[in-house]
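The values are calculated or read from the model by the stated rules, or taken from the named source; none is laboratory data. On a predicted model such as this, the values are computed, not experimentally measured, just so you know. Heads up, the Cβs are rebuilt from the backbone with ideal geometry, glycines too, and the neighbour counts pull from every protein chain shown.
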Amino acid sequence: MYSMISYWLKFYRHECGMTQQQVADRLKIERSTYTYYETGKTKPDINTLIKIAKVFNISYQKLLEGVEEELEDAIAEIHSGPEDDDKYKYRTHAATKYEVELLFVVRNLNPKQRKEVMNLAKSFIKDVETEEESEK
């Protein structure tokens, strides 16, 4: 999926007059890995974003411009799903900066790590529900 990060990677690479191979060589990664970043097939982690920004001689924040709005759209799409599942109550209005940051972090985890984070979050919800029931 093409993203704002993908857009900025390609934009700044062109601005610097570099090829994907040249950027990959400077980052000491495979060209295909960098290509995946530009096409949105994968997303670079924050450490890689910082390295890429140094290659382009820009601040890493420039590579993240527009990401917050993109994540808000993704969150809205998640919330527009079926509403018959009352097991977990989610806010459906605009996400806080903390929630956007959390989503960005989770999206950069591998599938196993995402599952661990989800299980941990669900255990917190169960703990809160248990506490609420015992207080009644």
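Observations on the structure shown:
- Scanning segment 85-99 turns up at least one residue that is surrounded by 13 or more Cβ atoms within 10 Å (Cβ to Cβ) and modelled with pLDDT of 70 or more.
- Meets criteria (at positive phi, outside the structural domain of Leu109 (by TED's automatic domain parsing) and either modelled with pLDDT of 95 or more or surrounded by fewer than 16 Cβ atoms within 10 Å (Cβ to Cβ) (or both)) for Lys54: no
- Number of residues in segment 8-49 that are of a type in the set (A, V, I, L, M), assigned to a helix (DSSP H, G or I) and modelled with pLDDT of 95 or more: the value is 3.
- The number of residues in segment 32-41 being surrounded by 15 or more Cβ atoms within 10 Å (Cβ to Cβ) and either touching a residue at least 60 places away in the same chain (Cβ under 8 Å) or over 15 Å from Tyr12 (Cα atoms) (or both) comes to 3.
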